[in-house]
Structures are given as structure tokens and as C-alpha cells.
Amino acid sequence: MKSVTFSEIVRIRERPFFLARQGTWRQLLPWALTLLFGLPLLVGALHFIDPDTPLAFIVLPALAGALLPAAMMGPGRFEMNTRFDARHMLATLDEALVSLGYRRTVSDPDRLSYFRPRPWLSARDGSIVVEVSPHALQVEGPVGSLRLLQQRIAC
């Protein structure tokens, strides 16, 4: 992979998919239930372990950790630049995305689309779009998935 370079993941200035539309209860339900039941259990367990710790030292990091998945689902973009034709990298990219649980949906010569089948996600939510140019692949999708994808391809 010496002839392939990755750009940094850049956040796209648009709202994450779960904030963009009103009818997103299916996406928010698992996260909201986890916050509703898991966060008080975590705070209670940590307070039980050390009752002398101020509650602010327990609650604030727990809230910050609960918001982390929302930040990882925000949209981002990175580029894979090559010295040769970028279409030669499509097989490697496809293999890495399949290992992450994605399936290819649209196969246009210059634009590929992948989605991860989950019951709480619609077809567009969490999808990855790949734009093909002569010496680069521009990959767009959730930031967390893009980081995992870069790690899989770089190995």
C-alpha cells in the first residue's frame, strides 16, 4: 500500500442523519433507551464503588461518554489518492467495507453506494458513498465507520 495515501477525515458541515429529519424515532430509540436506563445504572455503580467521590466527577464524564456515539455518526469525508488508476483500489475497498458489514447498493461507474442493514436504520442512514476519479477515491459516510475503514485498508 505504499502507492496509496489517505487524507485526514474531514467533517462535513451538515447535520447528522438523526438530526436532519423529524421522523427519526427508530434511530433515536436505542440510544435514548441506553441513556435512560444505562446512565443511571453506571452512575449508581460508580457511586457505590466510591461514595466519597463528588457526583459531578461521575455524572459529567458519563454524559460526555454518552454523547460520543452521536459525534461518531456525524458525516465525514476522506480521500484515497493513488499513483495509478483508482479503479484498481475498488476491490480492496469493497472487501474492507464487506468486512465492516456493508453491502453495495448502487453500482455506477463513477459512484458506488454502500449501506449497513440494521432494523433501526433506513437505507440512507449510515450509508457510505464512494466517488471515483482517475487517481482518487473520495469516501463519504459516518466518521466512526470511516476511521474503521481507513484502519482496515491500511493493514
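The numbers here are math on the coordinates, done by the rules we state, and not lab data. Please read these numbers as outputs of a predicted model, since none were measured by experiment. Positions of Cβ are generated from backbone atoms using ideal geometry, with glycine treated the same way; all protein chains shown enter the neighbour counts.
Once you place label points 7 Å from the Cα toward the Cβ at L100 and E8, how far apart are they in nm?
Distance between label points: 1.9 nm.
Stick to Cα atoms and the Kirkwood definition of Rh, then tell me Rg/Rh for segment 52-115.
For segment 52-115, the value is 1.26.
Quickly rank 51-59, 135-143, 76-84 as a protection proxy: mean count of other C-beta atoms within 10 Å, highest first.
Going from most to least packed, we get 135-143, 76-84, 51-59.
Can you tell me the Rg and the Dmax, both Å, for the Cα atoms in segment 33-155?
Just the Cα atoms of segment 33-155 yield Rg and Dmax of 19.6, 62 Å.
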